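Have a look at the structure below before the remarks.
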Ligand SMILES: NC(=O)c1ccc[n+]([C@@H]2O[C@H](COP(=O)([O-])OP(=O)(O)OC[C@H]3O[C@@H](n4cnc5c(N)ncnc54)[C@H](O)[C@@H]3O)[C@@H](O)[C@H]2O)c1
Ligand SMILES: [Zn+2]
């Protein structure tokens, strides 16, 4: 299936389905990208599994792709690796008509996206997400960038892709933990904007966890449609887009206070969403049963919903104080007034800390 992300002149098509890797060349041609010198950026894990089939698909349609493979993992989202990518793009003689294809998880998408945004002041970018986080979240929306030492995503650009191609078949090879953490972002869309999606996730849970291809297509599509709806109304996070940060304020603080070592991003966000649901019962009238329902769904997907012992460390508070959404001694928090509807609400640090792990009744 396909749909369009409506951003005026920067609108682009999103295709979600099975067996799409072999169709990348044709989809790129159909989108008007010129068959020319181009680059396929991927990481070693994903490249080993999928680079050949993508290269063949591109070649069949006349795209002459240079393969650029980086080491897997977050440390690659850095200036030194970015610089090697620029050099490889130059060595392969990419020009203004060329395209960068980003094949991989969020790390490859953010890094190759930023390279495409800045090389020759911007060349075409196609996102081919292969992890759950990338398929339901990072590949769409145009946020690209790199980390600066410990400051995540400090350097970046809004740069929209020309095409997003999510082949759910690639999720088959994703390790179980990475698969489940991505489900946290899926549940997030239900919590903030679509209660019916939560009903569906509850009903289809077993087949989703078994990675039933049809269910994955429906799930990825519905997630991306929700993200597209938000992004097309607020491309640069000036208002509405903030609701996508549900669960992320405490999630980020938890990640940062554990030096990004204990939790995968989605795992920390799951705990952050459960805590935000508790705060929502206190400050936005979310029903206790609704907060419980959200926590139960997260737990059924194999995610944690309680803050770990000792969570309130000085590092945690420091991370919370560094939050981009802080204004004075308050943080603009995303809460739910009911399941399927998010609101922003300014909370003091004391309110957050007291309410984040308070029991539900
Ligand atoms: N731009 C955005 O809007 C946005 C949104 C959310 C997250 N992000 C960024 O995304 C990154 C996290 O993304 P991620 O979780 O995909 O991390 P990742 O790219 O590091 O991928 C996770 C791991 O899974 C492997 N992998 C990916 N696809 C696979 C597949 N199909 N089969 C087997 N292994 C596979 C990767 O090699 C890697 O080891 C972070 O840097 C985060 O900041 C960006
Ligand atoms: Zn996230």
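The values are calculated or read from the model by the stated rules, or taken from the named source; none is laboratory data. Note that the structure is predicted; figures quoted are calculated from it, not measured. In this analysis, Cβ positions are derived from the backbone assuming ideal geometry, glycine residues included, and neighbour counts consider all displayed protein chains.
Out of 198, 207, one residue alone is over 16 Å from the mean Cα position of the chain (by Cα) and surrounded by fewer than 19 Cβ atoms within 10 Å (Cβ to Cβ). It is 207.
Within the stretch 11-41, the set of residues being within 22 Å of the chain's Cα centre (by Cα) and crowded, with 16+ Cβ neighbours inside 10 Å comprises 12, 13, 14, 15, 16, 17, 20, 21, 24, 40, 41. The residue list 82, 40, 67 contains one member that is assigned to a strand (DSSP E or B) and in contact (Cβ under 8 Å) with a residue 40 or more places away in the chain, which is 40. For the residues 300, 274, 270, the requirement of being surrounded by fewer than 17 Cβ atoms within 10 Å (Cβ to Cβ) and in contact with a helix residue (DSSP H, G or I) (Cβ under 7 Å, 6 or more places away or on another chain) singles out 300. Contact annotation: no residue pair with Cβ atoms under 6 Å, 6 or more positions apart or on different chains, pairs a residue in the stretch 233-254 that is on the phi > 0 side of the Ramachandran plot with a partner that is surrounded by fewer than 22 Cβ atoms within 10 Å (Cβ to Cβ) and part of a loop (DSSP other than H, G, I, E, B). Within the stretch 113-132, if we keep just the residues that are more than 24 Å from residue 18 (Cβ to Cβ) and in contact with a strand residue (DSSP E or B) (Cβ under 6 Å, 6 or more places away or on another chain), the residue that is nearest to ligand 2 (Cβ to nearest atom) turns out to be 113. Flag not set for residue 186, criterion: within 13 Å of ligand 2 (Cβ to nearest atom), outside any strand (DSSP E or B) and within 20 Å of residue 77 (Cα to Cα).
The stretch 108-178 holds strands (runs of 3 or more DSSP E) entirely within its bounds, and those carrying 3 or more residues that are surrounded by fewer than 16 Cβ atoms within 10 Å (Cβ to Cβ) and at pLDDT below 95 map to 151-158. A single member of 339, 303, 286, 335 is within 14 Å of residue 184 (Cα to Cα) and at pLDDT 95 or above, and it is 303.
The set of residues from the stretch 242-254 being surrounded by 22 or more Cβ atoms within 10 Å (Cβ to Cβ) and more than 10 Å from ligand 2 (Cβ to nearest atom) comprises 249, 250, 253, 254. Contact map, the stretch 103-122: residues that are in contact (Cβ under 8 Å) with a residue 60 or more places away in the chain and assigned by TED's automatic domain parsing to the domain that holds residue 164 paired with residues that are away from ligand 2 (no atom under 16 Å from the Cβ) and part of a loop (DSSP other than H, G, I, E, B), Cβ distance under 7 Å, separation 6+ or inter-chain. Pairs shown: 103/130; 104/130; 105/130; 107/73.
The helices (runs of 4 or more DSSP H) found entirely in the stretch 193-276 that carry 2 or more residues being away from ligand 1 (no atom under 16 Å from the Cβ) and closer than 24 Å to residue 171 by Cβ are 195-209, 213-233.
Residue count for the stretch 108-143 satisfying the condition of being under 10 Å from the mean Cα position of the chain (by Cα) and either more than 16 Å from residue 54 (Cβ to Cβ) or more than 10 Å from ligand 1 (Cβ to nearest atom) (or both): 9.
Checked across the stretch 77-92, the condition of being within 16 Å of ligand 2 (Cβ to nearest atom), modelled with pLDDT under 95 and in contact with a helix residue (DSSP H, G or I) (Cβ under 9 Å, 6 or more places away or on another chain) holds for no residue.
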